[in-house]
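Q: The structure that follows is given in the form of structure tokens.
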Amino acid sequence: MLTQGSLRLGRIRGIEIGIQPSLLLAFLLITWTLAGQWLPQLLPDRSGGVYLLLAACGAVGLFASVLIHELGHSFTAQARGIKVSSISLFIFGGVANIASEPETPRDEFWITVFGPLTSFALALLGGAAWYVLRDLSAPLAVLALILGVINLQLAVFNLIPGFPLDGGRILRSLLWAATGNLLRATRIASIIGQLVGYGFIILGLYRVLAARDFVGGLWIIFIGWFLLNAAEGTYRQLLADQTFRGVRVAQVMTPDPVTAEPGTTIARLVDEYILGRRLRCVPVLIGDRLLGIITVTDIQRVPREAWPQTYISEAMTRADALQTIRPTDDLALALRLLGGGRFHQLPVLDGDGRLIGMLSRADIIHYMQLHPSVAGARPPTSPSTTA
Ligand SMILES: [Zn+2]
């Protein structure tokens, strides 16, 4: 499944390729840098139009290079029998969504190494193309040279040993092989990753303040901030995965939730359910069938004067827009779904599609409080809570 908000480009060997809208900003920045700085130096005395056209080609080539780098990881994973669902390109590069965390350090090592190796190969290809083209067409030769250099940078940047960059993953796979403990290896790699993130932020601040390079400096700060978050997040995810492994949704959910019929008015729902029973979310059912859920946020979208005449079926979040889960699913899966920030509760449906419970963050926190052994893991958080 592609990340929310991604634009689907197509499918390669069963892998969905998507781009996120943030890529447009990267496209503009890169085009601007190439047209304003690199091209006038490498190819003097051409018109602004030529620079812009070549810069746009260079930016597209950069994204193609990132995609091929991710395909390098993905094809290696597939060759080792590990499924890859999608590749997303976004402002800081690309990410291949590999179905599961690698099972062995050997898998992780090889899957990771083939990304930078692919970029090195593309860099050589760019260099070779420059060599062949340099007497035939100066603009094409310069474009090939730029793409070669960009791929060399991609390979080298990704080899920085800051988890979750490739270099950090390689480091983790080596630590994992040496200690036999994935969690400890991830923690060490994640701490190094956070240090690298801080390093980038400091370097970026230096570029902005001392060298007055605002765009370049801010860019480095953003990358550092991204690395910092990613390094922390991956470790927390793994910790949660390990802590909750084997715990089933049925053990944690609120069973037999209070439900409402679609013909209830919002006014009645507010009086009887929201105020009366202090509920924040009510599943809407006809018989056994889940039509949707209505939350406080859904209600707030309807003007107060309209509450007595509006049925909850008109204001609810429909079932097809909801993520549901099964009672036998692992809690780690639920945590991943809730942690994404898009869903705040998961209706729990049995094999026949009947609603048998609801699972929210509050349920998980409650469970953790009663089970001290899992209290070391953090509950899922998200920037905003709507229900
Ligand atoms: Zn990579």
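Q: Which residue is farthest from ALA56 (Cα to Cα), if the candidates are limited to the range 156-185 and must be crowded, with 20+ Cβ neighbours inside 10 Å and among the small types (Gly, Ala, Ser)?
A: ALA185
Q: A further question on this structure: Just checking, does the range 200-218 include any residue being within 16 Å of the ligand (Cβ to nearest atom) and either of a type in the set (Ser, Thr, Tyr) or buried (at least 16 other Cβ atoms within 10 Å of the Cβ) (or both)?
A: Within the range 200-218, none of the residues are within 16 Å of the ligand (Cβ to nearest atom) and either of a type in the set (Ser, Thr, Tyr) or buried (at least 16 other Cβ atoms within 10 Å of the Cβ) (or both).
Q: Between GLU103, GLU70, GLU108, which is surrounded by fewer than 16 Cβ atoms within 10 Å (Cβ to Cβ) and of a type in the set (Asp, Glu)? Can you show your working first?
A: Working: GLU70 fails: surrounded by fewer than 16 Cβ atoms within 10 Å (Cβ to Cβ); GLU108 fails: surrounded by fewer than 16 Cβ atoms within 10 Å (Cβ to Cβ).
Answer to the selection: GLU103.
Q: Go through the residues of the range 76-99 one by one and say whether even a single one is open to solvent by less than 60 Å² (accessible area, probe 1.4 Å), within 12 Å of the ligand (Cβ to nearest atom), in contact with a Phe, Trp or Tyr (Cβ under 7 Å, 6 or more places away or on another chain) and modelled with pLDDT of 80 or more.
A: yes
Q: Here are some residues: LEU133, LEU125. Which one is open to solvent by 70 Å² or more (accessible area, probe 1.4 Å) and either more than 20 Å from the chain's Cα centre (by Cα) or without any contact (Cβ under 8 Å) to a residue 24 or more places away in the chain (or both)?
A: Working: LEU133 fails: open to solvent by 70 Å² or more (accessible area, probe 1.4 Å).
When all the criteria are applied, what remains is LEU125.
Q: Looking only at the range 123-141, decide whether some residue is under 24 Å from GLN20 (Cβ atoms) and away from the ligand (no atom under 13 Å from the Cβ).
A: Scanning the range 123-141 turns up no residue that is under 24 Å from GLN20 (Cβ atoms) and away from the ligand (no atom under 13 Å from the Cβ).
Q: Could you please tell me which pairs satisfy a Cβ distance under 6 Å, a separation of 6+ or placement on different chains, a first residue in the range 315-328 that is closer than 14 Å to GLY353 by Cβ, and a second residue that is assigned to a strand (DSSP E or B)?
A: Pairs found: ALA319/LEU290; ALA319/LEU291; ALA319/GLY292; THR324/PRO347; THR324/LEU349; ILE325/LEU346; ILE325/VAL348; PRO327/VAL348.
Q: So which residues in the range 275-287 are open to solvent by less than 90 Å² (accessible area, probe 1.4 Å) and in contact (Cβ under 8 Å) with a residue 60 or more places away in the chain?
A: Of the residues in the range 275-287, the ones open to solvent by less than 90 Å² (accessible area, probe 1.4 Å) are 276, 279, 281-285, 287.
Passing the criteria: CYS281, PRO283, LEU285.
The values are calculated or read from the model by the stated rules, or taken from the named source; none is laboratory data. Keep in mind the model is a prediction, meaning the values are calculated, not measured. Positions of Cβ are backbone-derived with ideal geometry, glycine not excepted, and every protein chain shown enters the neighbour counts. All accessible areas refer to the heavy atoms of the entire protein, side chains included, with ligands and DNA or RNA removed. Shrake-Rupley method; radii C 1.70, N 1.55, O 1.52, S 1.80 Å.
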